[in-house]
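Have a look at the structure below before the remarks.
The values are calculated or read from the model by the stated rules, or taken from the named source; none is laboratory data. Small disclaimer: the values here were computed from a predicted structure and weren't measured. Here the Cβ positions follow ideal geometry from the backbone for every residue, glycine too, while neighbour counts run over all protein chains shown. Each accessible area value is taken on the protein alone, full model and side chains, heavy atoms only, with ligands, DNA and RNA left out. Shrake-Rupley method; radii C 1.70, N 1.55, O 1.52, S 1.80 Å.
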Amino acid sequence: MADVIKNRYEFVILFDVENGNPNGDPDAGNLPRIDPESGYGIVTDVCLKRKIRNYVETVKEDNEGYKIYIKEDVPLNRSDNTAYEYLGTDDKGIKDLKKKDPEVDRKIRDFMCRNFFDIRTFGAVMTTFVKAALNCGQVRGPVQLGFSRSIDPIVSQEVTITRVAITTEKDAETKSTEMGRKNIVPYALYRTEGYISANLARKVTGFSEEDLELLWEAIINMFEIDHSAARGKMAVRELIVFKHSKELGDCPAYKLFDAIEVKKHDDVDYPRKYSDYTITIHEEQIPETVEVLRKI
């Protein structure tokens, strides 16, 4: 693995959706998530992390050091069980091993961080074997994402669709089509803010420069392998990165985020494309020791 990162980072992602549902709410009939007070659209952090995980899994194909811990159809304790194999023990011998070696918990944590990219990046709660005395630990990852929020309030539209294929023979006797509904956002531009702690990378997970470049690549392309009719046309439009000169950073994160202004054009009432907005970076608000990188 490459060297562990030595600089703190913050970053801003701008992505948009056209005629799709970027993140449905299962408690609201899978309607697009929305702030009920303001009408702004919301996309959760776990939604974006899922897409980042999927991209890394697709590109790396479970290569050594790049396995994915949180993945579909793989129980967590199956992944945790690899720690047993690494220690050369099983659920019956782990208690005795812990008595002999007080460093077992740390060795398990380091093993999981080395082998699973998403643990090394986002952290994880790995406590599925507590009853068997194997606790892979709770790892706080260096990379954290906040919720995404749309730049302007959104209006969800319910679109009725028809299907000529009938489900059952009995239904086919009385009707020739079936009805359905899908909910879409005609257009919305979303903003996400994220943080990367070099201090946690060094002390806990070993998140490296190589991992960092893969993370940027995954963010830029996270919608490119995730297209579906339900999500419509989604794309990452901007990835703006702030690189501090040292491990603990040069200034508060909010000052850097405030330096990025996303504004709708004055003559646009209802945004329907990315060019309806202007993105401005107010560099005079950014300390000279912080480097600004536009990845797209």
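Descriptive notes on the structure:
- Tabulated pairs, segment 253-277, first free of Cβ contacts under 8 Å to residues at least 12 places away in the same chain, second surrounded by 13 or more Cβ atoms within 10 Å (Cβ to Cβ) and not polar (S, T, N, Q), C-beta under 7 angstrom, 6+ apart or interchain: Val268/Asp276
- Yes/no for Ile225 being at pLDDT below 95, surrounded by 13 or more Cβ atoms within 10 Å (Cβ to Cβ), within 18 Å of the chain's Cα centre (by Cα) and under 22 Å from Val143 (Cβ atoms): yes
- Under the condition of being over 30 Å from Gly123 (Cα atoms) and surrounded by 10 or more Cβ atoms within 10 Å (Cβ to Cβ), the residues counted in segment 135-160 number 8.
- Looking only at segment 100-134, and only at residues there that are modelled with pLDDT of 80 or more and of a type in the set (Gly, Ala, Ser), the one that is surrounded by the fewest Cβ atoms within 10 Å (Cβ to Cβ): Gly123
- You will find that of Leu256, Leu189, Leu214, the residue that is within 20 Å of Thr121 (Cα to Cα) and in contact with a helix residue (DSSP H, G or I) (Cβ under 9 Å, 6 or more places away or on another chain) is Leu214 and no other.
- Taking segment 163-197 as the range and being at pLDDT below 90, of a type in the set (Gly, Ala, Ser) and outside any strand (DSSP E or B) as the test, the residues that pass are Ala165, Ala172, Ser176.
- Among the residues of segment 40-48, some residue qualifies, meaning at least one is touching a Leu at 6+ places or on another chain (Cβ under 7 Å) and either in a helix (DSSP H, G or I) or under 22 Å from Ala218 (Cβ atoms) (or both).
- Residue count, segment 237-254 (criterion: over 30 Å from Phe223 (Cβ atoms), open to solvent by 50 Å² or more (accessible area, probe 1.4 Å) and either of a type in the set (D, E, K, R) or assigned to a strand (DSSP E or B) (or both)): 1
- Unmet criterion (only one of (1) touching a residue at least 24 places away in the same chain (Cβ under 8 Å); (2) closer than 30 Å to Ala229 by Cβ; (3) open to solvent by 20 Å² or more (accessible area, probe 1.4 Å)) for Tyr190: (3)
- Odd one out for Leu212, checked against (1) buried (at least 20 other Cβ atoms within 10 Å of the Cβ); (2) under 25 Å from Tyr274 (Cβ atoms): (2)
- Qualifying position, being in contact (Cβ under 8 Å) with a residue 12 or more places away in the chain, touching a Leu at 6+ places or on another chain (Cβ under 6 Å) and of a type in the set (Phe, Trp, Tyr), among Phe242, Phe223, Phe207: Phe242
- Within segment 13-22, the set of residues being in contact with a Pro (Cβ under 7 Å, 6 or more places away or on another chain) and open to solvent by less than 40 Å² (accessible area, probe 1.4 Å) comprises Asn21, Pro22.
- Within segment 287-296, the residues that satisfy the criterion of being within 26 Å of the chain's Cα centre (by Cα) and open to solvent by less than 60 Å² (accessible area, probe 1.4 Å) are Val290, Val292, Leu293.
- Of all residues in segment 82-97, those satisfying the criterion of being open to solvent by less than 60 Å² (accessible area, probe 1.4 Å), out of contact with any Ser or Thr (no Cβ under 9 Å at 6 or more places or on another chain) and in a helix (DSSP H, G or I) are Thr82, Ala83, Tyr84, Leu87, Ile94.
- Here segment 62-79 is the region considered, the condition is being within 17 Å of Gly123 (Cβ to Cβ) and assigned to a helix (DSSP H, G or I), and the residue that is most open to solvent (accessible area, probe 1.4 Å) is Leu76.
- Hits in segment 259-285 (condition: hydroxyl-bearing (Ser, Thr, Tyr) and open to solvent by less than 100 Å² (accessible area, probe 1.4 Å)): Tyr274, Ser275, Tyr277, Thr278, Thr280
- Residues that are in a helix (DSSP H, G or I) and surrounded by fewer than 18 Cβ atoms within 10 Å (Cβ to Cβ) within segment 52-61 comprise Asn54, Thr58, Val59, Lys60, listed in sequence order.
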